[in-house]
Amino acid sequence: MKKLSNFINGKSVDSTSGETTTLVNPATGQPFATAPKSNAVDIDAAFKAASDAFPEWRDSTPSQRQRALLKIADAIEERAEEIIAIECENTGKPISLT
């Protein structure tokens with residue numbers, strides 16, 4: 001079974017409470033992953049990380065931001081099949097609809 005985590009400040013982290021929830025594929029009724037049950041502390045940490053990162057993003061040039069966004073788009077495209085498979089498992093939809 002897959003173990004998901006939060007992504008905060010460039011790192012994969014568990015919920016501060018350590019609590020998790022089981023994700024179930026609605027098409028099969030079978031569990032396929034555990035995910036952290038995030039709480040206010042986790043949300044505050046994510047918000048702080050985003051707030052701390054904002055000045056560098058804000059002060060970057062449009063060209064730098066464009067390159068960063070294109071790099072993200074390339075990474076998504078490189079893993080498209082994996083992302084589609086994960087979304088199918090999460091929603092229970094067939095690949096043709098995802």
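A few points about this structure:
- Near pairs, Cβ below 6 angstrom, 6+ apart or cross-chain, from segment 27-40 (over 15 Å from THR16 (Cα atoms)) to any residue that is outside any strand (DSSP E or B) and of a type in the set (Gly, Ala, Ser): ALA27/GLY92
- Those strands (runs of 3 or more DSSP E) of the chain in which 1 or more residues are loosely packed, with under 10 Cβ neighbours inside 10 Å occupy 11-13.
The rows are residues; the columns are (1) modelled with pLDDT under 95; (2) out of contact with any helix residue (DSSP H, G or I) (no Cβ under 9 Å at 6 or more places or on another chain).
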residue: SER5; (1), (2): no, yes
residue: ASP42; (1), (2): no, yes
residue: LYS48; (1), (2): no, yes
residue: ARG58; (1), (2): no, yes
residue: THR61; (1), (2): no, yes
residue: ARG65; (1), (2): no, no
residue: ALA68; (1), (2): no, no
residue: ARG79; (1), (2): no, yes
residue: SER96; (1), (2): yes, yes
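- Lone unmet requirement of (1) farther than 28 Å from MET1 by Cα; (2) in contact with a Ser or Thr (Cβ under 7 Å, 6 or more places away or on another chain) for LYS37: (1)
The values are calculated or read from the model by the stated rules, or taken from the named source; none is laboratory data. All values derive from a computational prediction rather than experimental measurement. Methodologically, a virtual Cβ is constructed for each residue, glycine included, from the backbone with ideal geometry; neighbour enumeration extends over all protein chains shown.
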